[in-house]
1. Determine, for each peptide in 64-76, 271-283, 425-437, the mean count of other beta carbons within 10 angstrom over its residues, then list the peptides with the highest first.
2. Give the lysines whose C-alpha is closer than 25 Å to that of Lys371, dropping any in the same chain fewer than 8 places away, or say none.
3. If we sort 249-259, 329-339 on the protection proxy, mean other Cβ atoms within 10 Å, highest first, what's the order?
4. What are the trypsin sites (Lys or Arg not before Pro) within the range 333-406 that DSSP puts in a loop, where the Cβ has at most 10 other Cβ atoms within 10 Å?
5. Mind ordering 210-223, 158-171 by average Cβ neighbours within 10 Å, highest first?
6. When only alpha-carbon atoms are used, what values of Rg and Dmax, in angstrom, describe the range 67-170?
7. Determine the percent antiparallel among the DSSP beta bridges restricted to the chain, to the nearest 5.
8. Around Arg272, under 12 Å between beta carbons, what's the net of Lys plus Arg minus Asp minus Glu among the other residues?
Amino acid sequence: MDVFTVAAVITALSAVVVVVYFLFRQLTTSSWPKTKQSMAYTRNVIPKKRKYQWSLNSLDDFVPTGESTTVHDVAKLFARRGNEFSVYSIDWEQEVVVLIRPVNGADLKAHPFFREAQRRQAAEVLCVPLEKLQEVASAVADKVAHVQEVFIFMTGRCGSTLVTRFVEATSVAQAVSEPEVFSVINMALHRLKRSSQHGQPPPHHGRTTVLSNEESTIALLRNVGILLHYNLVTSDARHRDVIFYKLKPDVILLADLMARAFPSAKTVYMYRDGLEVCESVDRASFHQSYVLYVVTRCVTTLLRVSLLPDYVRCFGEDPKFSTVRYHGTGRFHIYTWWVGAMQCAAGLQKKQPGYFFHAVIYYSALLSDKKKTFRLLMKKLGLKWSPEDPREDTDKIEKALTEDSQAGTLLAARARTPGEKWAPDVSSHWMWQWEREYFWEVCRHTGNEIPGPDFLLPGTIV
């Protein structure tokens, strides 16, 4: 057999394995309760060993050990031990916010992605009923009222992880890369809206109530933010009270509500040419194997299948994309992922020009001069920072500038070992002409709001 035949066989078998894996996960009985919990509780856990984490973080990422311990005064517990617990997810069936305590000595910021570090290092969970969340947040709200939030919205593959690593290396701010809870809230709200649009009955559990109107959703976002702030400020050795939160691309669908939940927050948008984003995703997904990329794309396009998670597919479910060719394929969802996020960003800029965005950064600016771009970003955010300040750790800053920010993770385009140096990819393009034309076709379905993959937002630092 030639190499393409072998690759096709491998791809087909891989697809079967992935499908079986998803079905197995759906059918496997969970070890956790599936009914509403009226009392808060803690329980020791062991993280499940997973090479690939496809779904959003949930309690099912852990195996519970021992018996659960009821917490009668969870507000008092959090005021005393809140620095130990960080918000992880929401369990809509139990109607609880899930927080995790990592193993002793774990540094959750050492990993490029906060959500992944939480999952791997969890030793104990604290589950707080949604109806008690306001009480818990109120107990510590005054202690974090001074926190300045900076939300980074982005398209992905645009240097946003680098920025969070750089921020974390400074003395003026700290950074959290992709806290999963905001995507969990966004996707629950998205599914509710989708059910309503299709005339389907809503699910019979907590998200129906808490996400039923904008005010309760805003309160949920605000309270989750307060708990995140408290953990981050009190557990940080320097107690830095400016916190950058880099969010997943889908969370821009929540941006309007987040602006109301955090009215004094600063916002940033980071993006890159759409074709470059998609090719970067492909290179990381197929481990730089062009043959595997070609075969997989051909097979999935012919079969009209997509195994991408909901938080990638959510943009493609917009009715404006319903007549696009190859609707529902992986290629379709990757392209609508970028186009949808960009259209949201453009709409937010027009709707609230004073709030969205305080800084807009294009990937090329980071490529040309990382330190200069970062200095300009901080200036636009009203933050005083200088690498010459004696309080700055120049070694940490230099490390953030030179290392591959995602090295050692599945999302790294090239560097597979933590600590590897970053280098630009100078290999030839993978995309064929028909893929480029297809991308332009997807863009046209926005009504020319996003005319093409090279579209620039007003005020972009390039």
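1. Top to bottom by mean Cβ count within 10 Å: 271-283, 64-76, 425-437.
2. Lys109, Lys246, Lys248, Lys266, Lys379, Lys380, Lys384, Lys396, Lys399, Lys421
3. Most protected by this proxy first, the peptides run 329-339, 249-259.
4. In loop regions of the range 333-406 (DSSP not H, G, I, E or B), the sparsely surrounded trypsin sites (Lys or Arg not before Pro) are Lys384, Arg391.
5. 158-171, 210-223
6. 15.5, 45
7. Percent antiparallel among DSSP bridges in the chain is about 55.
8. Values: positive: Arg157; negative: Asp273, Glu276, Glu279, Asp454.
Taking every other residue near Arg272 into account, the sum is -3.
Since every read-out is calculated from the coordinates, none of them should be taken as a lab result. Since the structure is predicted, the reported quantities are computational estimates derived from the model, not experimental observations. So basically every Cβ, Gly included, is an ideal-geometry build from the backbone, and we count neighbours across all protein chains shown.
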